[in-house]
Structures are given as C-alpha cells and as structure tokens.
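Q: Once you've had a glance at the structure underneath, I'll fire off some questions.
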Amino acid sequence: MFYCFLSNRFNDFEISLISVKVHIFFHNLKHLTKILSFISSQCILFTQNMKNNIRIATINLWGLEIWEERRSNLFELVKKYSPDILFAQEVQYEQEKQDGYDQTKEIKNACGYEYYYFLKVTVKTKKKEKKFRAPRIHGIAVFSKTPIINIIPHVLNSAGDEKEERAVLFFQTEFNGKVLNAVNVHFDNSDSGAAMQFRETLELVKNKKEQTIIAGDFNIFSLDLNDFEINHSYDSSFDKLKYISYPEDEDTLDYVLIPKNFSFEKIECLDDFVSDHRMVVSDILLD
C-alpha cells in the first residue's frame with residue numbers, strides 16, 4: 001500500500017532514492033539506539049562508582065590455634081564477603097622456621113589483597129603450659145584493596161594485671177579519590193584495662209582531628225558508647241544490630257565504630273566457624 005501511494009506521486013527513480021534514504025535512516029537509528037544504551041549503562045556504572053560506600057570486616061584470628069583446620073574456611077569466608085578493608089587481631093607467624101605458618105602472607109595470597117601491613121606487638125613462646133614448636137610473632141594486621149598510604153602504630157599504656165603489650169594501628173587508605181582514616185584496635189584482656197586503653201585511643205583520635213573509623217577486638221562486653229561519652233559523635237555496629245561475636249561467653253567483644261556523618265547500610269555477624277571470635281562485616285556509606 002505504501003508503494004502504491006508512492007507510485008502515484010513519484011517515478012521509479014525517485015521511489016528508489018526514497019527507499020535508500022529510509023533504509024539509511026533506520027540503519028542510523030539502530031546504531032543511535034545502541035549508542036544511547038551504552039551511554040545509559042555507563043551513567044549507571046558512574047553513579048554506582050560515585051556512591052561512596054565501603055565494606056569493612058573485623059576478625060580476631062585466634063593466633064595459630066588449630067590453624068590448619070580453620071584457614072581454608074577463613075579464606076573462603078573472606079573471599080565470599082570480599083571486604084574492601086579487613087581488620088585482623090591476634091595475627092601470628094612462626095619465627096625462625098622456614099616452613100612455618102604466616103597468617104598475614106597466607107591471607108594476602110589466598111584472598112588477593114595487594115596492600116597489607118602487619119604490626120608486631122609481642123613474641124609468644126607458649127600458651128599456658130604448652131610450649132610452641134617455634135616462637136610466634138604476635139600482632140595486628142590490616143588488608144586493603146586500595147593503597148595504604150600512611151601507617152602510624154601506637155603502643156598503648158599497660159593496664160590491669162595483664163603483662164602483655166598492646167598496640168593500635170592507625171592507617172590511611174585511598175578510597176574513591178579520598179583519604180579514609182581508620183584504626184585497628186585490640187585492647188587489654190580486662191574490663192578496666194580495656195576501658196582505659198579505649199579512652200587512650202579516643203584521645204589520640206581526637207588529637208588527630210580526622211574522621212576515623214575504629215574497629216577491632218575491644219575486649220569490652222556489650223560496649224555502650226554512653227560510658228565513653230562518644231554517643232553524640234560515633235555510631236556502633238552493636239547499637240544497630242545486637243549480635244554475639246564471642247560465642248564462648250555468649251556476648252560481644254568486636255565492634256565497628258563510625259563517625260556520625262557516616263552511616264551503616266548493613267551489618268552482619270557471621271556464624272561460620274573460622275576462629276573463637278566471629279567475623280563482623282559492615283557496609284558503610286561515607287559522607
């Protein structure tokens with residue numbers, strides 16, 4: 001019918017010319033649709049990349065206790081949840097043993113973290129009366145998908161009856177073109193000692209005058225930010241979700257604290273057995 005309409009008004013040459021132009025128009029329209037679809041997909045990706053959210057996780061590794069049995073499960077769990085930053089406490093490697101275990105290097109290699117840092121805090125030769133086959137270098141570590149651009153270790157003042165040295169690890173990473181400040185903590189194994197060292201850490205954070213994420217093993221059961229007068233400046237993972245990170249005592253010792261201008265999008269405390277502590281995973285929307 002369309003051809004009949006044209007034939008009544010144009011000669012064959014003109015009709016052929018019109019057909020070619022129509023074909024070119026629809027051909028170009030098809031390519032234009034593809035171009036617009038590509039632009040739309042890139043805009044979506046750009047928007048997602050601009051969304052300033054980060055996933056962090058914290059886990060007390062329990063040193064090298066039954067490490068042979070636990071390590072593959074730990075590696076799989078870290079790879080499954082793929083935190084941008086992993087805070088780890090009670091990290092160990094065997095000194096002066098060529099084929100000895102090294103948790104930092106094993107996690108880095110198995111889970112694909114390009115950037116990491118291990119802070120030596122002390123050396124352990126035995127647990128209770130059991131002597132280790134080799135001295136164990138004991139400390140805390142951080143693993144990051146993005147460059148770690150600054151490291152500031154701080155040895156904490158001794159507290160309580162415990163003789164073990166404690167330290168915190170301040171660090172900075174690049175994330176979405178900005179600098180992210182954080183500190184990995186592992187406090188004294190006593191209520192009063194842990195509280196004292198937490199206050200010491202808070203004073204350090206205050207003096208730095210930077211928005212700082214605080215995460216790790218606080219050794220404080222059911223942490224209440226009101227007790228430390230930071231409830232107006234920080235939010236706690238435990239306030240957003242009641243969880244048990246230390247099953248032996250059916251309580252919680254492990255937390256993620258974020259400045260008020262950040263916000264939690266999701267918090268999980270994973271039941272998977274990879275340590276005597278459970279891994280806490282937090283998705284955080286940065287300011």
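Q: Looking only at segment 53-71, which residues are of a type in the set (A, V, I, L, M) and within 20 Å of Asp254 (Cα to Cα)?
A: Listed by number, the residues that qualify are Ile54, Ile56, Ala57, Ile59, Leu61, Leu64.
Q: Would you mind finding the one in Ile230, Ile267 that is assigned by TED's automatic domain parsing to the domain that holds Val183, in contact (Cβ under 8 Å) with a residue 24 or more places away in the chain, in a loop (DSSP other than H, G, I, E, B) and buried (at least 16 other Cβ atoms within 10 Å of the Cβ)?
A: Every option except Ile230 fails the conditions.
Q: Whether any residue in segment 214-225 is at pLDDT 95 or above, over 14 Å from Ala182 (Cα atoms) and assigned to a helix (DSSP H, G or I) is what I want to check.
A: Yes.
Q: Shifting gears a bit: Taking only pairs six or more apart or across chains, which ones have beta-carbon atoms under 7 Å, a first residue in segment 59-76 that is touching a residue at least 60 places away in the same chain (Cβ under 8 Å) and assigned by TED's automatic domain parsing to the domain that holds Tyr93, and a second residue that is among the acidic types (Asp, Glu) and assigned to a loop (DSSP other than H, G, I, E, B)?
A: Pairs found: Trp62/Asp276; Asn73/Asp272.
The values are calculated or read from the model by the stated rules, or taken from the named source; none is laboratory data. As the structure is a computational prediction, the values presented were derived from the model and not from experiment. With ideal geometry, Cβ positions are generated from the backbone for all residues, glycine too; neighbour counts draw on all protein chains shown.
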